[in-house]
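Novice: Mind having a look at this structure? Questions to follow.
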There are 2 protein chains.
Amino acid sequence: MVVSAPSGTGKTSICREFLKLCPDIRFSVSSTTRPPRPGEKNGVDYYFISEAAFREQIKAGAFAEWAENYGYYYGTAKEIMQNILGAGCDLLLDIEPVGATALRKNYPGGVFVFVLPPSLEALKSRLNRRGEIPEVMQVRLGKAMDEIKEIVWYDYIIINQDLQDAVDCLRSIYIAEKCRRERLAEKIRPFLG
Amino acid sequence: MVVSAPSGTGKTSICREFLKLCPDIRFSVSSTTRPPRPGEKNGVDYYFISEAAFREQIKAGAFAEWAENYGYYYGTAKEIMQNILGAGCDLLLDIEPVGATALRKNYPGGVFVFVLPPSLEALKSRLNRRGEIPEVMQVRLGKAMDEIKEIVWYDYIIINQDLQDAVDCLRSIYIAEKCRRERLAEKIRPFLG
């Protein structure tokens, strides 16, 4: 299950709360070149690596997806995904829209969720609250609008009006997807004789 | 949203508990010729009508679906569905598999959920618990097996191992379906400019 959104939409908070409710799903820890924020732990929130190391891994084809966002790199190591999926576990990815688009091609069985702000006004005001100068804000807004154009191929959209409601939606999507008939072929077989 | 299952699988209990959690969805009250069970109320659980009245409504084309089950008739009046859907409300139907198959053709946007017992053994033991003679039990089992063959076209399957879990699955399916991108075209439009 892939959760993606423009910056400032609250997707990481939603994923964090969701993981508390559904401890069976494993979180895919991304690698990034951005410095840790207060409280973030290496190996838990991200693997914090140098730009040189990141470029090395790109060259080695180690990433299932990677993207650049405001001067920093973010990527998901193929090995981490393969280990979790290979063990039969469900996997949650919290990634950039560009990375989600890349993953979609290689994981057609994935469930893709896009988080939207409650309105365009809310998005603008969230970007404003970060205290950026108007030019920077304009760039961020333009980037967010470009990312939002990608929603046309996503499976699900969560409009993040209220954190708890959004978390409930993500949990519902997870549980409902596990009830989809196509995913239950093994369990259904004994009933079909 | 249509919930269907063989007799004795617990679908009506699941629907009843689900409606308590999600009062926004309206329940489609079916018509039936079977006598009310203790506690069942006319107009709430079913419209209890005579066989003559039922046949009259079949002739008049008043039913969106109808089915015969162990000598009694069950059907959903088109008018009831149209009133609820026309008011923009979501609609829950708790109906026989034969009726669900009929509805599917006319309501391709519907969400179809099939409830399965935890196992074939559990189904047999539930039928046994009703204290039927072996011949009757064999007929019921054969009918259930025929109905279960229909799951191949359902959207979702709930395996009713535990009532609360099954209710949570149905609620999750309902909430997740409301997050499906195709169903959010109106809300998404302002973001696409």
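Only the coordinates and a few stated rules stand behind these numbers; no lab work does. Being a predicted model, the structure only gives us computed values, none of them experimental. Note: ideal-geometry Cβ built from the backbone for every residue, glycine included; neighbour counts use all protein chains shown.
Novice: Amide H neighbours of residue A:30 under 5 Å, counting only residues 5+ apart in sequence or on other chains, H built in-plane at 1.01 Å?
Specialist: It is A:47, by chain and number.
Novice: Moving on to the next point. In whole Å, what are the extents of segment B:113-193 along the principal axes defined by its C-alpha atoms, from largest to smallest?
Specialist: 66, 25, 14
Novice: Right, here's the next one. Binning every alpha carbon pair distance of the protein assembly as shown at 20 Å from zero, what are the percents per bin?
Specialist: Computed distribution, short to long bins: 24, 47, 24, 5, 0.
Novice: Same structure again: Does segment A:29-87 come out rounded, prolate or oblate, given a ≥ b ≥ c as the square roots of the eigenvalues of its C-alpha gyration tensor, rounded meaning a/c under 1.5 and, failing that, prolate meaning a/b above b/c?
Specialist: Verdict is oblate for segment A:29-87.
Novice: Treating only the Cβ of Lys, Arg, Asp and Glu as charged (+1, +1, -1, -1), what charge dipole size does segment B:67-193 show about its Cα centre? Round to the nearest 20 debye.
Specialist: 340 debye
Novice: Ignoring solvent entirely, what values of log10 I(q)/I(0) come out of the Debye formula for segment A:101-143 at 0.20, 0.22, 0.23, 0.28 Å⁻¹ when each Cα is a single scatterer?
Specialist: -0.70, -0.74, -0.76, -0.92
Novice: Let me ask something else about it. With Cβ to Cβ distances under 13 Å as the rule, what net charge do the other residues near residue B:102 carry (K, R +1; D, E -1)?
Specialist: So the environment of residue B:102 carries a net charge of -1.
Novice: Counting partner chain Cβ atoms within 10 Å of every residue's Cβ in B:110-122, what's the average?
Specialist: The mean count of partner-chain Cβ atoms within 10 Å per residue comes to 2.
Novice: Here's a follow-up. Measuring nothing but label to label, 7 Å from Cα along Cα→Cβ, what are residue A:182's distances to the other copies in nm, shortest first?
Specialist: The projected label point of residue A:182 is separated from its counterparts by 1.1 nm.
Novice: From the label point of residue A:20, set 7 Å from Cα along Cα→Cβ, how far away are the matching label points in the other copies, in nm, ordered shortest to longest?
Specialist: Reported distances to equivalent positions: 2.6 nm.
Novice: Please state the shape class of chain A: rounded when a/c is under 1.5, otherwise prolate if a/b exceeds b/c and oblate if not, all from the C-alpha gyration tensor.
Specialist: Oblate, because a/c is 1.5 or more while a/b does not exceed b/c.
Novice: Moving on to the next point. Which value at 222 nm does chain A reach when only helices count, each DSSP H run of 4 or more adding -39,500 (n - 2.57), with the total divided by all residues and rounded to the nearest 500 deg cm²/dmol?
Specialist: After summing the helix terms and dividing by the residues of chain A, the value is -14000 deg cm²/dmol.
Novice: Could you run the Karplus curve 6.51 cos²θ - 1.76 cosθ + 1.60 with θ = phi - 60° over segment B:115-122 and give me ³J(HN,Hα) per residue in whole Hz, x for Gly and Pro?
Specialist: Values, residue by residue: 9, 10, x, x, 7, 5, 4, 4 Hz.
Novice: Still on this structure, please answer the following. If eta is 1.306 mPa s and T is 10 °C, what Stokes-Einstein diffusion coefficient results for segment B:47-161, Kirkwood Rh from Cα pairs, in µm²/s?
Specialist: In µm²/s, the coefficient rounds to 99.
Novice: So what are the ³J(HN,Hα) numbers for segment B:5-17, from phi and the Karplus equation (6.51, -1.76, 1.60; θ = phi - 60°), rounded to whole Hz, Gly and Pro as x?
Specialist: So the J values, rounded to whole Hz, are 5, x, 4, x, 9, x, 5, 5, 5, 4, 4, 4, 5.
Novice: Please report, for residue A:34, the nm distances (one decimal) from its label point, 7 Å out from Cα along the beta-carbon direction, to the equivalent points in the remaining copies, shortest first.
Specialist: 5.8
Novice: Mind scanning A:187/B:178; A:143/B:20; A:41/A:187; B:149/B:187; A:78/B:149 and naming the pairs with a C-alpha gap bigger than 31 Å?
Specialist: A:143/B:20; A:41/A:187; B:149/B:187; A:78/B:149
Novice: Round to a whole angstrom and tell me the spacing of the C-alpha centers of segment B:42-109 and segment A:116-193.
Specialist: 36 Å
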